[in-house]
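The values are calculated or read from the model by the stated rules, or taken from the named source; none is laboratory data. Model, not experiment: these values are computed from the prediction. All Cβ positions, even for glycine, are placed from backbone atoms using ideal geometry, and neighbour counts span all protein chains on display. Heads up: the accessible areas ignore ligands, DNA and RNA and are worked out on the full protein's heavy atoms, side chains in. Shrake-Rupley method; radii C 1.70, N 1.55, O 1.52, S 1.80 Å.
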Amino acid sequence: MAKTGKRLKKAYQGIDPAATPVKLDEAVKQIKSRASAKFDETVEIAMNLNLDPRKPDQNLRGTVMLPHGTGKSVRVGVFARGDRAKEAEAAGADVVGAEDLVEKVQGGNIDFDRCVATPDLMPLVGRLGKVLGPRGMMPNPKVGTVTMDVTSAVKGAKGGSVEFRVEKAGIVQAGVGKASFPADHLVQNIKAFADAVQKARPAGAKGTFISRVAISSTMGPGVKVEPASLFGQ
């Protein structure tokens, strides 16, 4: 515990909570230099958006394929029958089933991180709303997890596809890579994520859309980022 405390103290040394935002390249450099945990820390982004998700025209949800993946091993479950089930297995799905899989999940046996379903199975999967919903795992056509193209959905989930949605306070958060990634890979992943959020801007959004941005590693401090530096070359 003492060694962990020393590493955290070093990571937070010299941090000024009132510091002005820096350009993305510099922020990534700082995050990488302060990632001192024994494991490969996840790099996360938090974006404060000028949204009130309680209003129907200010909700935001989507998915983005990060160019360099997340660095995380993702287990994918697929609700499908027949040929679609075979396609899911061939694409690398970890768990595939229909009524049997619904029964397992209802019993609390959830051995997957992401979930895909074919449209014809949604009446069955709908019963799992109270189980999968709070975990953010309920299949949704808006983010491509309710689809007949299970091959693309499974490969996307395993290859770096990230779902995002605005939370009550108008914040969007996501993991965008690992601290061990080269700095330019993290920059490209973060820009891809920010671009997807910008393109998903709902019609009801007014004024400046992205108000504040910060990135951090799992055990490290946050670094404020200039929103404008998330876009362009």
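How do Glu89, Glu26 stack up against each other in accessible area, from largest to smallest, with a 1.4 angstrom probe? Show your work: numbers first, answer last.
Values: Glu89 115, Glu26 75 Å².
Most to least solvent-accessible, the answer reads Glu89, Glu26.
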With all protein chains modelled, accessible area of Met219 [1.4 Å, Å²]: 70 Å²
Any idea what the relative contact order of the chain is, in percent, if you count C-alpha pairs under 8 Å spaced at least 6 apart? 39 percent
Students often forget the sequence filter, so: which lysines lie under 26 Å Cα-Cα from Lys191 once same-chain residues fewer than 8 apart are removed? Lys23, Lys29, Lys32, Lys72, Lys142, Lys155, Lys158, Lys168, Lys178, Lys199, Lys206, Lys224
Accessible-area value, Arg165, 1.4 Å probe, nucleic acids and ligands omitted, Å²: 120 Å²
Correct response: the longest run of the chain lacking exposed chymotrypsin sites (Phe, Trp or Tyr not before Pro), defined by DSSP loop and at most 16 other Cβ within 10 Å, is 40-208
At a probe radius of 1.4 Å, what is the per-residue accessible area of Asp184, in Å² to the nearest 10? 80 Å²
Leaving ligands, DNA and RNA out of it, rank Ser152, Ser216 by accessible area with a 1.4 Å probe, largest first. Ser152, Ser216
Charge dipole (the chain, unit charges on Cβ, about Cα centre) - positive-most of Ala228, Val125, Gln58: Ala228
For the chain, percent of DSSP beta bridges that are antiparallel (nearest 5) comes out at 70 percent
